[in-house]
């Protein structure tokens, strides 16, 4: 692949990308940008990709990253259209360009409906969090409004070190509250085998 083909793929990606999936891209690409404020404040996928190209995390040799991103966002048809005839593809069982922990949480989040988020927020607000500065709950009532969906919830729990790559116990604890528990338990099993 040459630079012109690389640039064409990025242009097609930006044109065909559905803005409704921007939050997914922000979540998955959080560690791929130089300045995380870029991701948090991005209004379009173009801004994120520009930072990744200038940071060197997106280049010709890592173009499969975009195919994986489209696949993880459920945009498989768009992936096939953009990468048709290029020899570039990504398979779900292949090596990932993203954090395995973030991919795991993203997969779990797809099974959490908006109606379930208040139940999970409530569950977390009742769980104690032991810190050197005293005990409190994982979620304080003042933080409720900041959480709009499961990715927001996971981000906040991750920031507070309630969950992490070596600590998915909270996900296991509240997975019985989620109707599609079998799929989530499969994700948990797969993640723990990594």
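None of the figures in this text is laboratory data; all of them are computed from the coordinates on show. Every value quoted in this text rests on a predicted model; they were computed, and no experiment measured them. Note: ideal-geometry Cβ built from the backbone for every residue, glycine included; neighbour counts use all protein chains shown.
If you wrap a convex hull around the C-alpha atoms of the stretch 1-70 and split its volume per residue, what is the figure in Å³?
Output value, Cα hull per residue: 75 Å³.
Express in nm, to one decimal, how much length is gained between residue 44 and residue 159 on full extension, taking 0.36 nm for each residue of separation and deducting their alpha carbon distance.
39.0 nm
Kindly express, to the nearest 10 degrees and within the range 0 to 90, the angle between helix 45-55's C-alpha long axis and the longest C-alpha principal axis of the chain.
80 degrees
Rg and Dmax of the chain over Cα atoms: what are they, in angstrom?
Calculated on Cα positions, Rg and Dmax stand at 18.0, 58 Å.
From the Cα gyration tensor of the stretch 39-111, with a ≥ b ≥ c the square roots of its eigenvalues, which class applies: rounded if a/c is under 1.5, or else prolate if a/b is larger than b/c, or else oblate?
Here the stretch 39-111 falls in the rounded category.
Is it possible to state the helix-based mean residue ellipticity at 222 nm for the chain, with each DSSP H run of 4+ residues giving -39500 (n - 2.57), the sum divided by total residues, to the nearest 500 deg cm²/dmol? What is it?
-15000 deg cm²/dmol
Please give the helix 100-109 orientation as an angle from the longest Cα principal axis of the chain, in degrees from 0 to 90, rounded to the nearest 10.
The angle comes out near 70 degrees.
Debye sum, Cα scatterers, the stretch 104-193, no solvent: what log₁₀ I/I(0) at q = 0.13, 0.15, 0.16 1/Å?
With no solvent term, the Cα-only Debye profile gives -0.40, -0.53, -0.61.
Go ahead and run the numbers for FRET between residue 137 and residue 86, Cβ-Cβ distance against an R0 of 41 Å, rounding to 0.05.
Taking R0 as 41 Å, the efficiency between residue 137 and residue 86 is 0.25.
Counting alpha carbon pairs within less than 8 Å and at least 6 residues apart, what relative contact order, in whole percent, applies to the stretch 104-193?
So the answer I get is 32 percent.
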